[in-house]
Amino acid sequence: MNDKKNDKSALEIVKARRELDYSADDSQFAFKEYFENNDKVIFTENKEITLYDAASQCNRCGECQEICPSYSASKREPFSPRGRNQLIRLLLENKIKNANVLKESLYTCLSCGACKTQCHSRIPVDAIVSEVIKLYFPHKPGFIKKTALKTLLNFPLLYSLWLKVCYLFIWIGMPSLAKVLGVYSILGINTLYEKENILKKPPMLFATEILKKQFSDAHKRSIRWVYFAACSTNYIQPKVAKDTTTLLKRHFGEGILADNFCCGLSAQSCGDYAQAIQFAKKNIERYEALKQKFGRFIIVSDCSSCASFMKKYEALFYDDEEWRERASAFAASVKDIAELFTVDNFIKLQDCGSKEKRTVTYQDACGAVHDQHIFEAPRNLINHFEKDNFKEMPYSTACAGCFTFNQDVPEKILKITSDKKIKNIASIQSDLVVTSDVCCMMKINSELSKYYPHATAIHYSTYLTSMENKYKK
Amino acid sequence: MFKEDRISELLRELVKIVGVANVMTDEAELTAYSYDAGQSMAQPEAVIIFNNVNEIAPVVKILSKAKIPFIPRMAGTNLTGGVIPLKGGVILNMSRLNKIIYIDTKERVALVEAGVINGDLQRALKPLGYFYAPDPASADFSTIGGNIAENAGGPCHLQYGSAADNTVKLEVITPNGEINIWAYNDNGPDLTGLISQSEGTLGIITKAWVKITPFPKYVCTVSAAFATIENAINASDQILNTGIKIRALEAMDKIALEVSLKKSFFLFPHTMKAMLLIELDGNNKEVLDKDLESIRNICSINSCLVCETAETEEERLRLWSIRNGILPALSQMAPNIVIEEGYVPRTVLPIAVKSIREILKKYRLTAGLLIHAGTGAIHPHIVFDKRNSQDVRRVKIARNEITKVYLSMNGSSTGTYGIGVDKRVSLNWMYSTDEINFLYKIKGAFDHFNLANPDKILPVNDDTKLFEEVNRKHERSVLQPQAHTLIAEMRYRYEHKIKSIIVCSGTYLQAPQETMEMKYLNTSILNTPPVLNKKNLTVKVSAGTNTEELRQALNKEGMDLAIPKMDGTVGGVIAAKYSPEIMRILLGIEIVTPSGEYLNFSVPTLKSATGFNICNLYCGSYGAYGVILSTILQVCNSNGNNDLHINQKTKLDDFVPNKYHILLKQAIDPNNLLNPWIYDSYLKTK
């Protein structure tokens, strides 16, 4: 019976095709009826859309090409957002039979989302790509990474200890041993980072440990904010966490540490989607517990990648109604440090910018600009402090070549991408680069120290704190 | 019947030149090069990516020897399927060739490789105070090579010309793998212009010397809202007729405005149905202010509802964002969007807009119309759903009907988007079989085996029904009696193989004595009075008209020609390419081939990219390719400041035809009947 039905619909399709006046021009027109089984839903910017619908929105105008890091590094069409979209579309239409054909094309995507911002139709290529990878190339991270992730999820304290042992090895001059233990491979910092001496002087006290006393929830009745300690801030750059909490306290009053888990991005970016969901669930539960105790508050993260990922928690649970609602409530209260401060709500400072001549520029974190559309706020504030010292660099919204969103990107593409970033920073003779993502900051700093040591990159929180200290009334 | 593998035999040779990593035949790569921004699709057999300009010619040689088609491709952003490998073959990916080799501000020239992004060149020129005038909407992601091959242009086209007008010199690899450098002011037929809009069918542009223009000191933009599109177009006509130099003149219709302005639409009068964006530039603030005042006056005479002037950069960008927001806003209305294009004479713009709206209504399609009111281009942006077969069908039929609207109004089916695959059928509707065959001859002269981007531009199927319809309606081929006589004479001479010496007033061409074999053919009989279309700013002139007499006649009407002072007849000036500037104002041409065929390549629109650039080919042809009957010239308002000087005079004595001039001669005039002494010795030695 069913077969007959299929036959009938196939006939109809053939008929419909004949109706079309066929020439060489329109052989590519596909029919929606064909692909009913590909109704996988992706969730993007508060909009549900099926994978196939999203991919087939592309008009192939090519506007996304030049701003795509992997295309502009390789100048090859399969490595462009347009190319990925077309390949995925053909795969869903069964015109490409073997999914492996797409593998290289998909794995070169940095998932920075620059194409999304550029696209007139706002096609979420990064979400499409990660969904297709999930569907067609399910892969699990290696043993060490997996163990590290599990420890981070279930025994965070043990993980801290493990990390400290590693750091100790680095301090005593045996980084190779630390590499063998490899725990930090999941922090968005793999061997590449190690080579670039990011972990030359790793912190032996983590941010949560430093700030625990000051911001514990023990004796507090009401709070305005909760600080979400991102892994990169917590384990590598505790100073940023210190600056952020100082800022928050001064501007918004009482707050506490969230005592959170990893946001889950580190698991997702190395392919472990199930683990990412576990992380998300733990964080949501923690949020709900705090909410019951304190009422309304905002969750602030100083790592834009984490903030953007948490804002998209709903996407992780699109087929789980109960969790989806909870995730949505959680996501609504997440705030990125970059969007928090405006010229109006920031403490008034006196004659800033006039004292020294320097060039300050702002590098957008991909998570902030492409996912959360934070563009004006940090610029306005820096501009307000720096007056004429602020200068926009060319391609400031382009990725700097760290891979918080996809850890499998070939090194070569990252290299060209970061080289371009340094070139752009140098082209305006910048002294200071401000950014709102810790990984981004570390990457730029390590590249700058090699090619343009005159400049340094600092975190947005650090920048704001330093401004405040310098020019307070 | 079976797909044969032509590439694997050559793989070793190709790899030797470009390296193993740069020849790709895997499925992902081939699929990714099977499309562009147009509506067509076809897979290549291999993709070669170049890291060095010097690698291209050897590769082309190998491919042409093996008779494998090749298609140059860079960003692949063209809208008409120009880089689709219809016959398979090899995609030559040149997008890595993106070096700006030098910028010479003294000579006002920049030398760039073909793959340089237009926007990158602009950024490099900006600190020097210069800019590259062609500004297509895709400037930030399309390449200079592609811009030239498609003869692209944008709003600034009105004042500064299109990509071909801003090209000084080109390095071209012809389909047999030879490297040639051709300049627009070379003696003899202009090959730069011919290559410029050939979409890679005649050769591959590898390097381009492009004109750079100094930034004007002041740029002002005026936006004016109108209650009807007719009022808006009338105002724009009057503005152009004042002779004020307009940088850009854009018009938008109601639907386009509604989607672009969205919620801020209510800020404008609710009766607004059209808007004009007028931009002026200049170095003299006083003059600019005066011009602005008169523009505002014209707008208010045409019952403009609101008129806004922007003088700061921010205000300007805000006004332009209305226009630039149309495409993004429409893109989000439906899954897919297709951008159609066509040019009509400016005078019929309101009627054309009305007819297009009717067609869209008939097929229940939503579209915003964006109009370059200055150049007469209409861009309907049609939204639809590509997965819906009915939608696709309706869009296809509507697009064809819209194209017919352009053509029935004596316009052109394309101007800046190229022809590619999507529009090639429309050539059938514009040109007669003779004219299309002539275009084929040109293609054959360059590319005998049809390997360079095959099956593009020229129609492969015969569909001339509409041609007869359209032409009967407009009496395009009504000729003056003298022209008929001349054509009859030429046919007679062709049949009897009598060689002719084409003479007109004899200003430029010093012909040898009449002999038994060679007979004079006097074209000065072609002297019907010129027909001036004041609103459209064009004049149709017979070839025998004296240039200065024409100018005087125009001056009486308050018009002028934007060319330096020249003696002789219009036909003579063009045939001798006395000054290359003439090519800037030459819009159309009617010719008789050596075999006595009458060909009409004249469209009275500011830009028409239909077929090859025949006008430029006949500039400097010295009568050896055919006889020019009449031309359509662009005129301007005479405001008494014609300070143009001839930079360079060409002389026939200096003319040494290159290989492609000779090949063209052989294709067009195989018996060497017209002005035979010019090519005589070269044809013999060959």
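Residues in segment A:372-403 that are closer than 19 Å to A:Cys109 by Cα and assigned to a helix (DSSP H, G or I): there are none.
Residue-by-condition table, conditions (1) within 13 Å of chain A (Cβ to nearest Cβ); (2) under 25 Å from the mean Cα position of the chain (by Cα); (3) not in a helix (DSSP H, G or I):
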site: B:Met333; (1), (2), (3): yes, no, yes
site: B:Ile359; (1), (2), (3): no, no, no
site: B:Arg364; (1), (2), (3): no, no, yes
site: B:Val395; (1), (2), (3): yes, no, no
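Scanning segment B:297-306 for residues that are surrounded by fewer than 17 Cβ atoms within 10 Å (Cβ to Cβ) and in contact with a strand residue (DSSP E or B) (Cβ under 6 Å, 6 or more places away or on another chain) yields one hit, B:Val306.
Checked against the criterion of being surrounded by 18 or more Cβ atoms within 10 Å (Cβ to Cβ), away from chain A (no Cβ under 14 Å) and in contact with a Cys (Cβ under 8 Å, 6 or more places away or on another chain), segment B:257-277 contains one or more residues that satisfy it.
Of all residues in segment B:227-250, one or more are over 16 Å from B:Leu288 (Cα atoms), over 29 Å from the mean Cα position of the chain (by Cα) and touching a residue at least 24 places away in the same chain (Cβ under 8 Å).
Quick one: which helices (runs of 4 or more DSSP H) sit completely within segment A:285-342 and have at least 2 residues that are under 24 Å from A:Ile236 (Cβ atoms)? Explain how you work it out, then say what you get.
Working: elements: A:304-311, A:313-316, A:321-332, A:337-340.
Helices (runs of 4 or more DSSP H) meeting the threshold: A:304-311, A:337-340.
Which is within 22 Å of the chain's Cα centre (by Cα), of a type outside the set (A, V, I, L, M) and either buried (at least 19 other Cβ atoms within 10 Å of the Cβ) or more than 27 Å from B:Gln238 (Cβ to Cβ) (or both), of B:Ser524, B:Ser579, B:Ser542, B:Ser505? Write out each step before concluding.
On the way: B:Ser524 fails: within 22 Å of the chain's Cα centre (by Cα); B:Ser542 fails: within 22 Å of the chain's Cα centre (by Cα); B:Ser505 fails: within 22 Å of the chain's Cα centre (by Cα).
After ruling out the rest, the residue left standing is B:Ser579.
Restricting segment A:110-128 to residues that are in a helix (DSSP H, G or I), more than 10 Å from chain B (Cβ to nearest Cβ) and out of contact with any Gly (no Cβ under 7 Å at 6 or more places or on another chain), which is surrounded by the fewest Cβ atoms within 10 Å (Cβ to Cβ)? Lay out the reasoning, then the answer.
First pass over segment A:110-128, keeping only residues in a helix (DSSP H, G or I): A:114-118, A:125-128.
If we keep only those that are more than 10 Å from chain B (Cβ to nearest Cβ) as well, we get A:114-117, A:125-128.
Among the residues that remain, those that are also out of contact with any Gly (no Cβ under 7 Å at 6 or more places or on another chain) are: A:114-117, A:125, A:127-128.
Values: A:Ala114: 25, A:Cys115: 27, A:Lys116: 22, A:Thr117: 18, A:Val125: 25, A:Ala127: 22, A:Ile128: 27.
The selected residue is A:Thr117.
Of the helices (runs of 4 or more DSSP H) lying entirely inside segment B:55-174, the ones with 2 or more residues being within 14 Å of chain A (Cβ to nearest Cβ) and closer than 21 Å to B:Pro214 by Cβ are found at B:118-125, B:144-149. Considering B:Tyr102, B:Tyr132, the condition of being over 21 Å from the mean Cα position of the chain (by Cα) and modelled with pLDDT of 95 or more is satisfied by B:Tyr102 alone.
With respect to B:Leu327, is the statement that it is within 14 Å of another protein chain (Cβ to nearest Cβ), part of a helix (DSSP H, G or I) and touching a residue at least 12 places away in the same chain (Cβ under 8 Å) true?
Details: within 14 Å of another protein chain (Cβ to nearest Cβ): yes; part of a helix (DSSP H, G or I): yes; touching a residue at least 12 places away in the same chain (Cβ under 8 Å): yes.
Answer is yes for this residue.
Given the residues A:Arg84, A:Arg122, which is the only one that is more than 23 Å from B:Val116 (Cα to Cα), at pLDDT 90 or above and within 20 Å of the chain's Cα centre (by Cα)? Please lay out each step first, then the result.
On the way: A:Arg122 fails: at pLDDT 90 or above.
Of the residues listed, the single one that is more than 23 Å from B:Val116 (Cα to Cα), at pLDDT 90 or above and within 20 Å of the chain's Cα centre (by Cα) is A:Arg84.
One residue is enough: does segment B:467-475 have a residue meeting the conditions modelled with pLDDT of 85 or more and out of contact with any Leu (no Cβ under 7 Å at 6 or more places or on another chain)?
Going residue by residue through segment B:467-475, those that are modelled with pLDDT of 85 or more are none.
No - not one qualifying residue is present in segment B:467-475.
With respect to the conditions (1) within 18 Å of the chain's Cα centre (by Cα); (2) at pLDDT below 90, B:Tyr622 lacks only one, and its number is (1).
Conditions (1) crowded, with 21+ Cβ neighbours inside 10 Å; (2) modelled with pLDDT of 90 or more, marked per residue:
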position	(1), (2)
A:Ser216	no, no
A:Trp225	yes, yes
A:Ser232	yes, no
A:Ala241	yes, yes
A:Lys249	no, yes
A:Asp259	no, no
A:Tyr273	no, no
A:Tyr287	yes, yes
A:Gly295	no, no
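Could you go through segment B:441-454 and let me know if any residue there is away from every other protein chain (no Cβ under 13 Å), assigned to a strand (DSSP E or B) and more than 29 Å from B:Leu158 (Cα to Cα). Yes, that holds for at least one residue. Residues of segment A:199-239 that are under 21 Å from A:Phe279 (Cβ atoms) and of a type in the set (Val, Ile, Thr): A:Thr208, A:Val226, A:Thr233, A:Ile236. For segment A:45-58, a tally of residues being crowded, with 21+ Cβ neighbours inside 10 Å and either polar (S, T, N, Q) or more than 12 Å from every other protein chain (Cβ to nearest Cβ) (or both) returns 3.
For segment B:366-393, which residues satisfy the criterion of being of a type in the set (Val, Ile, Thr) and away from chain A (no Cβ under 14 Å)?
Correct list: B:Thr366, B:Ile371, B:Thr375, B:Ile378.
Taking the criterion of being more than 23 Å from B:Ala256 (Cβ to Cβ) and in contact (Cβ under 8 Å) with a residue 12 or more places away in the chain, the residues of segment B:297-321 that qualify are B:Ile301, B:Glu311. For segment A:59-79, filtered to residues that are in contact (Cβ under 8 Å) with a residue 40 or more places away in the chain and facing another protein chain (nearest Cβ under 7 Å), the residue that is nearest to the chain's Cα centre (by Cα) is A:Glu63. Go through (1) more than 7 Å from chain B (Cβ to nearest Cβ); (2) at pLDDT below 70 for A:Ser27 and report which single condition fails. The number of the failed condition is (1). Among the residues of segment B:638-673, those that are hydrophobic (A, V, I, L, M, F, W, C) and either modelled with pLDDT under 90 or over 28 Å from the mean Cα position of the chain (by Cα) (or both) comprise B:Leu644, B:Ile646, B:Leu652, B:Phe655, B:Val656, B:Leu673. Of the residues screened, B:Ile382 is one that is in contact with a strand residue (DSSP E or B) (Cβ under 6 Å, 6 or more places away or on another chain) and more than 18 Å from B:Leu349 (Cα to Cα).
With respect to B:Gly193, determine if the residue is in a loop (DSSP other than H, G, I, E, B) and either under 21 Å from the mean Cα position of the chain (by Cα) or within 30 Å of B:Ala57 (Cβ to Cβ) (or both).
Details: in a loop (DSSP other than H, G, I, E, B): no; either under 21 Å from the mean Cα position of the chain (by Cα) or within 30 Å of B:Ala57 (Cβ to Cβ) (or both): yes.
So B:Gly193 does not fit the description; no.
Restricting attention to segment B:21-54, the residues that are more than 13 Å from chain A (Cβ to nearest Cβ) and either within 29 Å of A:Arg60 (Cα to Cα) or touching a strand residue (DSSP E or B) at 6+ places or on another chain (Cβ under 7 Å) (or both) total 4.
Checking the condition aliphatic (A, V, I, L, M) and not in a strand (DSSP E or B), which residue from B:Ile371, B:Ile378, B:Ile351 passes? Write out each step before concluding.
Details: B:Ile371 fails: not in a strand (DSSP E or B); B:Ile378 fails: not in a strand (DSSP E or B).
None of the other options fit; the residue is B:Ile351.
Filtered by the rule that a residue be in contact with a Leu (Cβ under 8 Å, 6 or more places away or on another chain), among the polar types (S, T, N, Q) and crowded, with 24+ Cβ neighbours inside 10 Å, segment B:414-431 gives a lone residue, B:Ser426.
The values are calculated or read from the model by the stated rules, or taken from the named source; none is laboratory data. Predicted model only: the values in this text are computed from it and were never measured. Glycine also receives a Cβ, built like all others from the backbone with ideal geometry; neighbour counts cover every protein chain displayed.
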